[in-house]
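Written below as structure tokens is the structure these notes are about.
Bear in mind these aren't lab numbers, they're just calculated from the coordinates by the rules spelled out. Model, not experiment: these values are computed from the prediction. FYI the Cβ positions are ideal-geometry reconstructions off the backbone, even for glycines, and counts take in every protein chain you see.
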Amino acid sequence: MKKFILLFTILIFGVVGCKDEIIPKPKNLISKEKMEDIIYDLSLLEAARTRNSTVQYFIKPTEFIKNKYKVDSLTFAQSTQYYASDIKEYQKMYDTVKERLIKENEKLTKKIK
């Protein structure tokens, strides 16, 4: 999961870092809160996929995101590019997602004990 997030972040930073101009705000920009929710869900799906190989046959992340959030892949890509153009804010979004994942992990750990 960490490798996926790191790879995704590096890819976006690489694309954005090569440009001198700021990315214009897309017309169909996903809200920051919704984007954090999408990143959170993608992180969970990736963790489930890497943890259990049979999950990859049942859950297709792109279809899940399209259905749950009513967002197409172009809108997601444009919104990701826009948010990644401000590295500090984008890092804050990922920090928020990380905190959510940590809290959820703590809840699950308590239930197991």
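What are the aspartates and glutamates whose alpha-carbon lies under 13 Å from the alpha-carbon of LYS103, with same-chain residues fewer than 8 places away excluded?
In chain and number order, the partners are ASP95.
Too long at a 21 Å Cα-Cα cut-off: which of LYS34/LYS88; LYS27/LYS92; LYS32/LYS92; LYS25/LYS60?
Working: LYS34/LYS88 18 Å; LYS27/LYS92 23 Å; LYS32/LYS92 11 Å; LYS25/LYS60 28 Å.
Among LYS34/LYS88; LYS27/LYS92; LYS32/LYS92; LYS25/LYS60, the Cα-Cα distance tops 21 Å for LYS27/LYS92; LYS25/LYS60.
Sort 44-51, 79-86 by the packing proxy (mean of other Cβ within 10 Å over each peptide's residues), most packed first. Numbers along the way, then the final one.
Values: 44-51: 16.1, 79-86: 19.2.
Descending packing order for the listed peptides: 79-86, 44-51.
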